[in-house]
Amino acid sequence: MPAANELKKGQIVEINGHYYQVKNIEAKSPSSRGAQTLYKIRFNQVPGGRKLEGSYTGSDQFPSVDMQRRDASFLYKDGDFYTFMDSENYTQYSLGESELEGLLEYLLDGMEGLSVLIVDDQPLAIELPQSVIMTVVDTTPVIKGATAAARTKPARMATGLEVQVPEYLAPGENIKINTETGKFMSRA
């Protein structure tokens, strides 16, 4: 049984007989002595997408879920459903937009390195790799001498994702983006 201080983003836990995926964790340290650190955790129900928020102490326990993690790649989108293929046995899994909320902007056709999270032989969610490489399709023009300053500008990717990038980047350049924070990491 994982405790609240052991939970990680993307992990699936059981709460009141339903499966929930951890979407966001904030640790709040109290200012008084002897008080416990509180963890404000935001969950999304899988399947379903219903949101749940709660504050927990580090020792609060969650029932563990027997979950399988399968390496997969993104195949295609068909209406509101996205199809992924297992890299080992070529099984196809379909997930709806509600299960992939917040991840759709990172999905590119043919993308590999994903993990499908399966509970009771049913795909519930996917896990993205730590970083993805995307091409900048729209941003303001390059400013001469911009390498000296550490200023940023917004850049849009083909999937609609908008990221703050350094001023010296131009449209058509490949960049590496952290999927957890949604921030620019480096040129690719």
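The values are calculated or read from the model by the stated rules, or taken from the named source; none is laboratory data. Please read these numbers as outputs of a predicted model, since none were measured by experiment. Note that we place each Cβ from the backbone using ideal geometry, even for glycine, and neighbour counts take in every protein chain shown.
In table form, for the structure just shown:
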| quantity | calculated |
| --- | --- |
| VAL65 touching a residue at least 60 places away in the same chain (Cβ under 8 Å), surrounded by 14 or more Cβ atoms within 10 Å (Cβ to Cβ) and within 18 Å of VAL13 (Cβ to Cβ) | no |
| Among the residues listed as GLU99, GLU112, the single one being within 18 Å of the chain's Cα centre (by Cα) and more than 27 Å from SER186 (Cα to Cα) | GLU99 |
| Flag if THR135 is among the polar types (S, T, N, Q), under 23 Å from THR181 (Cβ atoms) and in a strand (DSSP E or B) | yes |
| Test result for THR179, hydroxyl-bearing (Ser, Thr, Tyr) and either in the same structural domain as GLY10 (by TED's automatic domain parsing) or farther than 23 Å from LYS9 by Cβ (or both) | no |
| The range 86-108: number of residues that are touching a Leu at 6+ places or on another chain (Cβ under 8 Å), charged (D, E, K, R) and part of a loop (DSSP other than H, G, I, E, B) | 2 |
| Failed item in (1) assigned to a strand (DSSP E or B); (2) touching a helix residue (DSSP H, G or I) at 6+ places or on another chain (Cβ under 9 Å), with SER59 passing the rest | (1) |
| Test set (1) free of Cβ contacts under 8 Å to residues at least 40 places away in the same chain; (2) at positive phi - TYR39 fails condition number | (2) |
| Count - residues of the range 62-85 that are closer than 22 Å to GLU6 by Cβ, among the aliphatic types (A, V, I, L, M) and not in a loop (DSSP other than H, G, I, E, B) | 1 |
| Failed condition for SER59, given (1) in contact (Cβ under 8 Å) with a residue 40 or more places away in the chain; (2) closer than 24 Å to ASN5 by Cβ; (3) surrounded by 12 or more Cβ atoms within 10 Å (Cβ to Cβ) | (3) |
| Verdict on LYS28 being exposed (fewer than 13 other Cβ atoms within 10 Å of the Cβ) and charged (D, E, K, R) | yes |
| Tally, over the range 138-157, of residues that are modelled with pLDDT of 90 or more and either more than 19 Å from GLU105 (Cβ to Cβ) or loosely packed, with under 14 Cβ neighbours inside 10 Å (or both) | 2 |
| Verdict on PRO47 being exposed (fewer than 13 other Cβ atoms within 10 Å of the Cβ), in contact (Cβ under 8 Å) with a residue 40 or more places away in the chain, not in a strand (DSSP E or B) and not polar (S, T, N, Q) | no |
| Scan of the range 115-126 for residues that are under 11 Å from the mean Cα position of the chain (by Cα) and modelled with pLDDT of 85 or more, ordered by number | ILE126 |
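For every residue, the table says whether it meets (1) part of a loop (DSSP other than H, G, I, E, B); (2) touching a residue at least 24 places away in the same chain (Cβ under 8 Å); (3) at negative phi.
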{"position": "ALA150", "(1), (2), (3)": "yes, no, yes"}
{"position": "PRO154", "(1), (2), (3)": "no, no, yes"}
{"position": "ALA170", "(1), (2), (3)": "yes, yes, yes"}
{"position": "ILE177", "(1), (2), (3)": "no, yes, yes"}
{"position": "GLU180", "(1), (2), (3)": "yes, yes, yes"}
{"position": "MET185", "(1), (2), (3)": "no, yes, yes"}
